[in-house]
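Trainee: If you scroll down you'll find the structure; I have some questions about it.
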Amino acid sequence: MAETAASEAPPEQEERGRGYGAGARILSVGIALTGVVTFAYFSLASFGLTADEYSRISLMWSVLFVTVTVLYRPIEQLLSRTIAERRALGHGDHPLREPFLIQMGFALLFLIAALALRGPIEDELLDGSSSLYWILIGAVLAYAASYFARGWLAGHQRFELYGGLVFLEATTRVIFALAVVVGLASGQTAVAFGMLAAPCVSLIVVPLAFSRNDPPASQGEVKEAEGGLSLRHGLGFAAAVFVVMLAEQTLINGAVITVDITSGDAALAGIVFSILLIARAPLQLFQAIQGSLLPHLAGLNATEDGGEFSKAIRVTILAIAAFAGAVAIGLFALGPFLMNLVFNLDYDWSRVGLGIVALGMGLHLAGGTLNQAALARGHAREASIAWAVVGVAFVAWMFSPVIDDEVLRAEVGYAVAAALLCGLLTWVYHLRPDPQAAADPSA
């Protein structure tokens with residue numbers, strides 16, 4: 001009898017497990033729909049715009065999401081991890097001032113840099129369009145609020161609202177592309193304006209988060225969280241995740257920019273962008289797993305539940321392997337047909353190249369899972385070094401002439417870089433957990 005009792009999980013552990021599973025399912029549905037709608041946005045744009053206009057929209061999207069992900073995901077992750085740990089330790093109130101100041105500081109730095117570099121951004125990246133420039137500026141600033149809200153919602157495990165926020169954002173954006181296709185609007189400015197409207201409209205879900213009181217995850221004795229969240233520690237965590245986000249965006253968007261530079265062919269850059277949507281769409285879906293996985297792992301690390309921690313990582317990676325394998329087989333078989341069906345682009349798609357990108361996507365997702373484990377265990381700095389090495393190596397590869405075909409170079413380079421990333425983060429995962437991770441939420 002005693003042995004049976006010892007093998008049973010404590011009620012709080014069972015509740016955390018159910019919360020993670022339910023949260024991941026809810027968020028997966030919302031972001032899966034978001035991925036489909038995002039794919040539709042670019043599909044519609046390819047039919048409603050000329051090839052050059054579509055390429056500019058693709059490049060603008062890449063610049064926008066490199067910028068907002070690099071600047072604002074660190075604070076989303078900081079909020080998510082800090083709030084989840086404090087809730088696991090029994091706290092009902094959480095520090096928001098320091099993350100808010102850091103987020104506003106990042107937004108201000110962006111605005112200053114963007115105004116100072118208006119000429120190169122407008123002339124070189126946006127082909128002289130002042131409308132696209134100001135839409136880009138407004139969209140980046142609007143996403144500061146969106147990502148702050150995401151971190152707060154994830155930390156409180158309000159995954160239904162998190163999923164609703166990102167789905168509403170994608171739906172708002174696609175309406176503008178649809179309006180161009182059906183003739184209610186015209187031109188690249190109308191399509192691009194959806195990128196600005198989307199984060200603004202999505203914030204209407206935030207008031208719903210305050211419609212009920214949110215108790216701590218642990219209803220037992222409140223445990224002291226030593227050190228709290230200082231501005232210095234918050235900046236340290238944010239800086240490490242900043243590097244991670246920069247390197248990740250380099251993997252999925254850097255090839256678009258480097259091909260545009262090396263080939264001088266905007267249409268070819270649009271082709272590379274469309275191919276890497278194979279990776280980008282599942283990565284957007286994986287935000288559902290990341291959004292629920294990090295707070296779950298942070299809570300387990302705070303309460304020193306190593307068995308459940310390892311189980312969560314193992315189950316997630318096995319699911320990723322099955323998914324990526326299925327996508328790769330499908331693209332080897334039907335890739336060119338599907339790409340011609342979805343995109344109105346004149347290009348001879350390679351089924352081998354598409355399959356390689358799918359395998360790289362699986363390795364990328366596995367690396368992202370191991371990265372969440374590193375953040376939860378207090379190894380943000382080590383993870384950031386691994387990502388930085390991979391990001392630099394990928395850019396060097398894209399500028400090298402090892403493979404003459406620039407599209408194939410991007411496909412192979414992405415897969416190899418993702419494999420290197422997965423290997424380095426596996427090493428980080430096997431490091432001993434940082435003993436200060438639970439005591440200092442920003443360690």
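Trainee: For segment 96-183, what does the equivalent ellipsoid look like in terms of its semi-axes, each the square root of 5 times an eigenvalue of the Cα gyration tensor, given largest first in whole Å? Before the final figure, lay out the partial values.
Mentor: Numbers: eigenvalues 152, 104, 8 Å².
Listed largest to smallest, the semi-axes of segment 96-183 are 28, 23, 6 Å.
Trainee: Continuing with this model, one more query. Write out the trypsin sites (Lys or Arg not before Pro) in segment 142-205 meeting two conditions: DSSP loop, and at most 11 other Cβ atoms within 10 Å of their Cβ.
Mentor: Working: sites: ARG150, ARG158, ARG173; in loops: ARG158.
Sparse-neighbourhood loop trypsin sites (Lys or Arg not before Pro): none present.
Trainee: Once R0 is set to 35 Å, what does the formula 1/(1 + (r/R0)^6) return for the Cβ-Cβ distance between SER186 and ALA267, expressed as a FRET efficiency to the nearest 0.05? Before the final figure, lay out each step's value.
Mentor: Values: r = 21 Å, r/R0 = 0.59.
After rounding to 0.05, the efficiency reads 0.95.
Trainee: Related question: Under a plain spin-label model, where a point goes 7 Å from the Cα along Cα-to-Cβ, how far apart in nm are ALA396 and LEU108?
Mentor: 3.8 nm
Trainee: Can you tell me which of 46-57, 108-119, 391-402 comes out highest on packing, and rank the rest after it, using the mean Cβ neighbours within 10 Å? It would help to have the intermediate numbers written out before the result.
Mentor: Numbers: 46-57: 20.3, 108-119: 12.4, 391-402: 15.5.
The densest-packed peptide leads the list: 46-57, 391-402, 108-119.
Trainee: Shifting gears a bit: Could you tell me whether segment 142-203 comes out rounded, prolate or oblate from its Cα gyration tensor? Rule is a ≥ b ≥ c as square roots of the eigenvalues, rounded for a/c under 1.5, then prolate if a/b exceeds b/c, otherwise oblate.
Mentor: Since a/c reaches 1.5 and a/b is larger than b/c, the shape of segment 142-203 is classed as prolate.
Each reported figure results from applying straightforward, stated rules to the coordinates on display, with no laboratory input. It should be emphasised that the depicted structure is a prediction, and the values quoted were computed from it without experimental measurement. With ideal geometry, Cβ positions are generated from the backbone for all residues, glycine too; neighbour counts draw on all protein chains shown.
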